[in-house]
Amino acid sequence: MSTIDVPRREVAIGIFYVIKDRKKQNIEEYLLGGRSMSAYPVAFSLSVGFMSAVLVLGTPSEVYRFGTMYSWTLLGYVLMTIVVAEIYIPTFYNMQLSSVYEYLEKRFNRLIRIEGTLLYLLQTVLYVGIVIYAPALALNAVTGFDLWGAILSTAAVCILYSTLGGLKAVIWTDAFQAIIMLIGFISIIIRGSVVMGGFENIWRACEEGGRIEFLKFDTDPRIRHTVWSITFGSGFLFMALYGVNQGQVQRFLSCKSVHEAKKAIFLNLIGLELLTGFALLCGTIVYAYYQYCDPLSYGVVERPDQLLPYLVLDIFQNYPGMPGLFIACVYSGSLSTVSTAITAMASVTVEDFLKPVFNWSDKTYTWISRGMIVFYGGICILFAYLASTLGQVLQAAISVLGLVGGPLLGLYTLGVLFPFVNSLGAFFGANAGLAAAIWVFIGSRNYPPSPEFLDQLSYSTENCPGFENATTLSPLATTSTVTETTSYTPPEANLYALSYQLYTVFGFCWTVVVGVLASLLTCGWRDRKTVDPRLIYPFFDHWIFKCLPESFRKCMTCGVNRRSLDEKNSADFNLEDPVMLKKGERTKL
């Protein structure tokens with residue numbers, strides 16, 4: 001498969017939808033697919049929409065360097081999928097939002113909505129910079145592709161098909177890209193197993209090299225990977241991405257019913273588990289193949305994220321076209337992520353900044369949305385330059401997403417689950433969570449964690465030509481360790497050593513705790529009965545709690561009057577126009 005074939009297909013899909021829907025193109029059709037999408041293409045799009053490029057390059061190198069503990073992320077995805085499907089999707093879908101940040105204005109005030117939108121834009125621009133830069137860097141070093149040529153071409157193709165076809169083009173393109181990624185992973189696993197004489201040999205080599213480890217239950221939050229840090233860290237990151245992030249919520253809102261939206265998130269779980277599982281298996285193959293000649297120490301690659309592309313060139317050197325298939329796999333990941341992000345940023349810009357101020361026509365907003373896609377695509381290219389300073393792809397991506405994702409998740413959780421939290425509590429909580437997360441992140445850059453917390457594994461160079469028999473650590477593996485020095489280390493350095501997996505949890509907890517306390521101190525309890533019950537998830541009305549006394553469950557709702565959501569009073573709830581909730585298409589809260 002030619003490396004040009006994939007971008008051509010993306011553009012073709014965009015052109016197809018701009019022609020197909022030219023007569024009914026309005027802002028809802030353009031940004032939400034006319035709210036008519038089925039669960040299957042949306043599920044594919046969700047699976048590859050955020051972690052795809054990072055997944056393809058970052059996860060295998062993670063296994064190669066630190067072992068299989070990262071596989072506990074699969075459990076975190078399962079647990080939090082249930083939470084997202086039961087709490088966040090019904091709440092947002094039944095409100096018929098175009099931007100998830102509309103909820104913040106209805107629940108609190110416009111200031112909180114603007115703050116939430118700005119935080120999202122900052123998070124997304126930084127993350128997309130990593131997504132564009134990382135695969136381009138890896139492919140440049142291994143295949144000789146021009147670095148900035150790869151960056152510019154990736155962004156240009158995404159901008160073109162996203163601008164032409166809107167959300168429908170993005171979703172169907174993502175579905176195609178998910179299939180390409182699966183084929184790429186499966187090809188590597190099959191060929192790698194054949195080269196190594198069977199997967200049992202791969203597993204044995206990983207066991208001998210100390211890469212197989214699953215049962216590290218240490219409770220020290222400074223240790224890079226434990227069962228607890230990965231399960232809860234990946235779970236909360238999943239909630240931040242799939243529960244309250246515009247890029248993913250926009251896809252749920254494009255479904256034709258809340259049932260289809262829930263179905264999409266569970267189908268997405270299957271796809272995400274498969275993609276992550278295959279990436280983990282590819283990591284074991286990389287280690288088994290280079291068990292006795294580490295490419296990093298030998299100097300044939302410069303960064304850990306280049307390991308999988310280098311393996312592909314080795315094992316498929318006699319199979320013309322297969323390296324091209326892998327390159328298509330990597331670029332499918334990058335294209336899907338960038339298109340998801342710039343479409344979502346265009347959507348929130350129109351819905352949160354322009355519509356409340358200007359009374360323009362749908363056609364005008366559609367053209368403005370196209371312009372915003374081009375604008376944000378250009379901004380992301382500029383921020384790709386900053387990605388080179390953030391280290392390994394997977395860790396950098398999770399850190400950036402967690403810094404803002406944790407406080408944003410906490411902000412929405414305050415609104416959805418705590419009726420007595422007021423706008424002051426939300427404001428102080430979100431800012432406290434963001435400040436705490438950024439403080440720890442900056443501190444970790446100035447005072448990196450000591451080697452005892454990193455669980456760095458050893459590499460061998462005994463079969464490398466020109467090397468004497470030795471077991472060594474890759475020089476790149478120690479870039480985040482603390483060198484021996486007599487300089488002063490402050491007591492708070494222990495906090496700075498917090499595992500990067502827990503940044504989302506850390507920011508979330510600060511936001512919720514400070515938000516609850518600030519609301520209680522500012523008499524938020526007095527206003528709890530005036531909150532529209534449709535903005536609050538009826539947690540204790542769930543069938544799980546039906547066994548509890550009704551008086552206790554009523555007390556736990558903080559006095560919020562739970563009105564029924566039948567057609568008689570559903571028109572009372574609107575953001576701009578009355579929205580009738582049709583039976584059989586909208587689930588009741």
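Listing for the model above:
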{"item": "Flag for L182 being open to solvent by 10 Å² or more (accessible area, probe 1.4 Å), at pLDDT below 90 and either out of contact with any Phe, Trp or Tyr (no Cβ under 6 Å at 6 or more places or on another chain) or not β-branched (V, I, T) (or both)", "result": "yes"}
{"item": "Filtered residue count, region 56-88, keeping only those that are touching a residue at least 12 places away in the same chain (Cβ under 8 Å), among the aliphatic types (A, V, I, L, M) and open to solvent by 10 Å² or more (accessible area, probe 1.4 Å)", "result": "7"}
{"item": "Members of region 283-304 that are over 30 Å from the mean Cα position of the chain (by Cα) and of a type in the set (S, T, N, Q)", "result": "Q291, S297"}
{"item": "Pick from region 208-219, criterion assigned to a loop (DSSP other than H, G, I, E, B) and in contact (Cβ under 8 Å) with a residue 24 or more places away in the chain, ranking: least open to solvent (accessible area, probe 1.4 Å)", "result": "R211"}
{"item": "Wholly within region 233-318, helices (runs of 4 or more DSSP H) carrying at least 1 residues that are closer than 18 Å to V56 by Cβ and among the aromatic types (F, W, Y)", "result": "258-289, 307-315"}
{"item": "Which numbered condition R222 fails, given (1) surrounded by fewer than 16 Cβ atoms within 10 Å (Cβ to Cβ); (2) touching a helix residue (DSSP H, G or I) at 6+ places or on another chain (Cβ under 6 Å)", "result": "(1)"}
{"item": "Test set (1) within 25 Å of the chain's Cα centre (by Cα); (2) farther than 21 Å from Y127 by Cα - G198 fails condition number", "result": "(1)"}
{"item": "Some residue of region 242-265 being under 13 Å from L74 (Cα atoms) and either buried (at least 19 other Cβ atoms within 10 Å of the Cβ) or in contact (Cβ under 8 Å) with a residue 60 or more places away in the chain (or both)", "result": "no"}
{"item": "For L454: the one exception among (1) among the aliphatic types (A, V, I, L, M); (2) open to solvent by less than 10 Å² (accessible area, probe 1.4 Å); (3) modelled with pLDDT under 85", "result": "(2)"}
{"item": "Criterion: open to solvent by 30 Å² or more (accessible area, probe 1.4 Å), of a type in the set (S, T, Y) and closer than 30 Å to L457 by Cα - qualifying residue of Y319, Y287, Y292", "result": "Y292"}
{"item": "Residue match in region 93-111 (condition: within 19 Å of I536 (Cα to Cα), assigned to a helix (DSSP H, G or I), open to solvent by less than 10 Å² (accessible area, probe 1.4 Å) and among the β-branched types (V, I, T))", "result": "no"}
{"item": "Unique match (being touching an Asp or Glu at 6+ places or on another chain (Cβ under 8 Å), modelled with pLDDT of 90 or more and among the aliphatic types (A, V, I, L, M)) among M69, M95", "result": "M69"}
{"item": "Single condition T366 does not satisfy, out of (1) under 18 Å from W510 (Cβ atoms); (2) open to solvent by less than 10 Å² (accessible area, probe 1.4 Å)", "result": "(1)"}
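So that you can scan it fast, the table gives a plain yes or no per residue for (1) among the small types (G, A, S); (2) in contact with a strand residue (DSSP E or B) (Cβ under 6 Å, 6 or more places away or on another chain); (3) buried (at least 23 other Cβ atoms within 10 Å of the Cβ):
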residue: A328; (1), (2), (3): yes, no, yes
residue: S339; (1), (2), (3): yes, no, yes
residue: T349; (1), (2), (3): no, no, no
residue: D352; (1), (2), (3): no, no, yes
residue: V357; (1), (2), (3): no, no, no
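The values are calculated or read from the model by the stated rules, or taken from the named source; none is laboratory data. Since the structure is predicted, the reported quantities are computational estimates derived from the model, not experimental observations. So basically every Cβ, Gly included, is an ideal-geometry build from the backbone, and we count neighbours across all protein chains shown. The area values use the complete protein model at the heavy-atom level, side chains included, leaving out ligands, DNA and RNA. Shrake-Rupley method; radii C 1.70, N 1.55, O 1.52, S 1.80 Å.
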